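Input: a single structure, listed below in structure tokens.
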Amino acid sequence: MKDNLIDLLGTKLPADKLADCLRIEAESGQTLDKIILRKGLMAEEELLEILAKSMGFTYRANLDGMKAPESFTKRVPMQFARNYTLLGLAENNGVMQVATCAPFDLFPMDEAASMLRLEIEPVLVPRMAITAALNKAYRHQADAVDEAIETIQEESIDDLAGLVNETEDLLDVANKAPIIKLVNMVLFQALKMRTSDIHLQPFEDRLQIRFRIDGVLYDQEAVPKKVQEAVISRVKVMGKMDIAERRIPQDGRATIKIGDSEVDVRISSVPTNQGERIVMRLLDKTTNVYKLDEIGLSGDHLRSVRRFSQLAHGIVFVTGPTGSGKTTTLYGMLSEINSAEKNVITIEDPIEYHLAGISQIQVSNKKGLTFAAGLRSLLRQDPDIMMVGEVRDEETARIAIQAALTGHLVLSTLHTNDSAGAVTRMLDIGIEPYLVASSLIGVIAQRLIRVICKECKVAIDPTPDDIALMQEVKMKVSDLPGGKLMKGRGCDACFNTGYTGRTAIYEILKITDEVREHVVNRASASLIKQAALRGGLITLRGDGLAKVKAGVSTLEEVLRVTQLDME
């Protein structure tokens, strides 16, 4: 077998490199595959294919669609499976197929065989594919947090101050103090469940853990009241906050690791009558910036946004409440217009994604670097395109408009309910109507709606309640494909909610001559919107209903986020 392997490797590697690897193997006792990978002589996928051929094993490039048998996840602890990158794939006649990326490591295989009380048949799979599948296989093991809660004893809060690293690896829970283990497991579980915010809310008898998933808050475990202070102090230590100060609000930041990826955590604490309340916002640094065609923009809307981003000058606002995906849309526009010929600069608070080739500036009010001050400095940096995180006051708005009028494309956000409201907001904060009319080229209003889970999506006949909702939005059963509504039944993949992930619905206001005339005359938002509707504006609710007809989301979701959009 070894000769066969060396012959196969000889067809891919220069003779001197292979001889050097064999020499290191003989001298150090390290396995040949690890030496080759460490030296970067071959890609892992290519090496595993050769190993599989020489050893008579199966090779799989990915584990898409594979589900780990319950017997594996019950008998093999998550920590063991992660440490040795092993995952059961299928059980047949007393033999368990197990994915591995290290076939020469015999100890983990022997241990897994004794835990499973089955024979093991190795299947060679790249490390990243096994790691991704492990997350799915073990994601429902909520008892890990319960177990951590059970082991907690009241600890000295003062001892926690020395127990924090620069970047904490959530998977490294062995030999950790129970409080640290508990907080790590809460963070780990939150990341597995696609959580955007973790709430630690104190009550009279408990500390309630709550996760915001796809925009909706869900209660999770409750921590005993007696260890509330220790848990909150641990979180504050992670965020480099003052654990002795409990009377005033504090903000902190931390970076945590989960395997190879890093997650930024923004931590906020406020004092309440039951103790300090903590909210942690999770920002995954490894998340890719979405492209414009991936965020829910339909054909006409996509063309409009692309046209805005290709204009040489003017100002474009993206509006909506906090957490409605405004920044994601702006980054999508920036990634599309980012090129070597353009000088693109942003000023943000905070910088949520890092974009290659773009200069990004972090606002720092303490140092005097406000949006207005930063924007004024940006104008001296010869920019083509500027992105301002938010227009909050007249000074920032005035500089942004002057920049747009002097030949720059400015992208920014505003907090208004709809697209027409952005125009009147500019007038309300003191900008002259003629300046708004001559600089503004478009307003994009948006909301996020949950997407029906693909795993449990079913077509159903509308119930009387559904028909009543449809009548409320002037929609007929005949508008639906085949007269059927799409809904999610609820399954393990979506945590029985019927929804997985989110997409956006949009309302895009183009500044036509009629709209411009209304702006100059200081018309109300409703008059501006009526003029836009005559020009073909599709409202937020209209775009949402189109997504209901397409089977992307449900009527309940669209009505939940467009309550004020009554046309």
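Can you give the accessible area of GLU455, probe radius 1.4 Å, in Å² rounded to 10?
140 Å²
Among the lysines, which fall within straight-line cross-link reach of LYS39, defined as a Cα-Cα distance under 16 Å, with same-chain neighbours fewer than 8 residues apart omitted?
List returned: LYS12, LYS17.
Can you tell me the relative contact order of segment 64-114? Whole percent, Cα pairs under 8 Å, sequence separation 6 or more. Mind dumping the intermediate values first?
Details: 37 pairs, mean separation 14.6, N = 51.
So the answer I get is 29 percent.
PRE reach from ARG75 (point 7 Å along Cα→Cβ): which of segment 108-137 fall under 15 Å by backbone N?
Only 109-122 pass the distance filter.
Want the number for ASN365 to ASN521: 0.36 nm per residue separation, take away the alpha-carbon distance, what's left? Working shown, then result.
Working: separation 156, 0.36 × 156 = 56.16 nm, distance 3.63 nm.
52.5 nm is the gain from fully extending ASN365 to ASN521.
How many Å³ per residue does the convex hull of the Cα positions in segment 402-501 occupy? Please list the in-between numbers first.
Values: hull volume 17.9 nm³, N = 100.
Per-residue hull volume (Cα only) is 179 Å³.
Pairs LYS474/LYS510; LYS240/LYS291; LYS67/LYS487: which exceed 30 Å Cα-Cα? All intermediate terms of the calculation are to be shown ahead of the outcome.
Numbers: LYS474/LYS510 25 Å; LYS240/LYS291 35 Å; LYS67/LYS487 24 Å.
Checking Cα-Cα distances, LYS240/LYS291 exceed 30 Å.
Zone of ASP393 (label point 7 Å along Cα→Cβ, backbone N under 17 Å): which residues in segment 429-454?
Of the residues in segment 429-454, 429-431 have backbone N under 17 Å from the label point off ASP393.
Pick the calculated Cα extents along the principal axes in Å for this structure from [x] 79, 58, 52; [y] 84, 61, 60; [z] 74, 51, 48?
Identified label for the calculated read-out: [y].
Can you say what percent of the DSSP beta bridges in the chain, counting only those with both residues inside, are antiparallel? Round to 5. Intermediate values should be presented prior to the final figure.
Numbers: 57 of 91 bridges.
Close to 65 percent.
Accessible area per residue of the chain at 1.4 Å probe, in Å²? Please report the intermediate quantities before stating the final value.
Details: 26850 Å² over 567 residues.
Ligands and nucleic acids excluded, the result is 47 Å² per residue.
With a cut-off of 14 Å, note down the residues of segment 184-205 whose backbone N falls inside the zone around a label point 7 Å from the Cα of ASP219 toward its beta carbon.
Label zone hits: 201-205.
Percent of accessible area on the chain owned by carbon and sulfur, 1.4 Å probe?
Values: 13030 of 26850 Å².
Reported share for carbon and sulfur atoms: 49 percent.
With N set to the number of residues, divide the alpha-carbon radius of gyration of segment 266-363 by 2.2 N^0.38 Å and report two decimals.
With N residues counted in segment 266-363, Rg over 2.2 N^0.38 Å equals 1.33.
The values are calculated or read from the model by the stated rules, or taken from the named source; none is laboratory data. Please read these numbers as outputs of a predicted model, since none were measured by experiment. Cβ: placed from backbone, ideal geometry, glycine included. Neighbour counts: every protein chain shown. The area values use the complete protein model at the heavy-atom level, side chains included, leaving out ligands, DNA and RNA. Shrake-Rupley method; radii C 1.70, N 1.55, O 1.52, S 1.80 Å.
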